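Single-structure report; data block below.
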Amino acid sequence: MRLTRSQSRQRNRDALIDAALAEMADRGYQQARLDDIAERAELTTGAVYSIFGSKRNLLLAVVARYADELDGLLAELADPRLSLAEVLTGCADAFHHVATASDARHRFAFELELAGLMLRDPTVMSLTTAGRLAKLLVGRDGHITTEQAEQLAPALAALLGGLVHRAVLEPGTVDQQYFRRSALALSGLLRT
């Protein structure tokens with residue numbers, strides 16, 4: 001079956017994002033070359049410029065994909081009937097899934113590179129996890145305020161992100177139950 005033009009463009013876009021993730025994880029953002037990214041994707045450098053316009057826009061597309069994937073893992077947690085405990089364990093499960101995925105080491109290397117970029121680029125910083133988590137926490141158990149959610153979310157993101165890092169660097173040291181217990185322990189911050 002022959003692909004339509006838009007299907008072909010989407011396939012090329014996805015291939016370039018995959019290649020950029022791999023190249024930036026291996027070499028870092030500054031050292032990653034568009035020629036090498038295009039070669040990994042089995043496309044031309046012209047395709048990178050045609051689809052993304054610049055290396056920075058390609059980076060933003062990689063980060064946006066990350067955000068979309070996390071949103072997909074967290075989507076069912078938006079149900080307002082879920083308790084705070086259910087949302088926290090659901091978040092823990094999503095992050096555990098990320099930590100145990102087959103490409104977890106590669107993604108971890110990319111995330112390390114991304115951390116430095118966040119310090120220098122407000123657009124990249126705006127795509128962070130804490131804002132997404134805060135939205136999931138507001139109103140839980142009938143009383144979590146926006147202010148409380150905005151205080152809890154960065155702690156949850158840092159905790160779960162740290163556990164992902166540990167799981168990647170020291171496989172077998174933290175399991176899904178550890179992720180869950182740790183996330184649930186944060187609910188104690190709301191009582192102080």
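Could you list LEU70, LEU88 so that the one with the fewest beta carbons within 10 Å of its beta carbon is first and the one with the most is last?
LEU70, LEU88
Take ARG81 and ALA115, extend 7 Å from each Cα along the Cα→Cβ direction, and tell me the distance between the two endpoints in nm.
Those two pseudo-labels are separated by 4.0 nm.
Once the cut-off is 19 Å, how many percent of the Cα-Cα pairs in the stretch 1-53 end up in the long-distance tail?
In whole percent, the long-distance tail amounts to 24.
Quick one: ASP18, ASP68, fewest Cβ neighbours within 10 Å first, how do they rank? Mind showing how you got there, number by number?
On the way: ASP18 16, ASP68 10.
Exposure proxy ranking, most exposed first: ASP68, ASP18.
Treat the count of other C-beta atoms within 10 Å as a stand-in for reagent exposure and order ILE37, ILE144 from fewest to most.
Going from sparsest to densest Cβ surroundings: ILE144, ILE37.
Local charge sum around GLN177 (other residues, Cβ-Cβ under 15 Å, Lys/Arg +1, Asp/Glu -1)?
Details: positive: ARG166, ARG180, ARG181; negative: ASP93, ASP175.
Result for the local shell: +1.
Label-point separation (nm) for ASP35 and GLN177, each offset 7 Å from Cα along Cα-to-Cβ?
According to this spin-label approximation, the distance is 5.4 nm.
Any read-out appearing in this document is the output of simple, stated calculations on the displayed coordinates, not a laboratory observation. A quick note: this is a predicted structure, and the numbers were derived from the prediction, not measured. All Cβ positions, glycine included, derive from the backbone under ideal geometry; neighbour counts span all protein chains shown.
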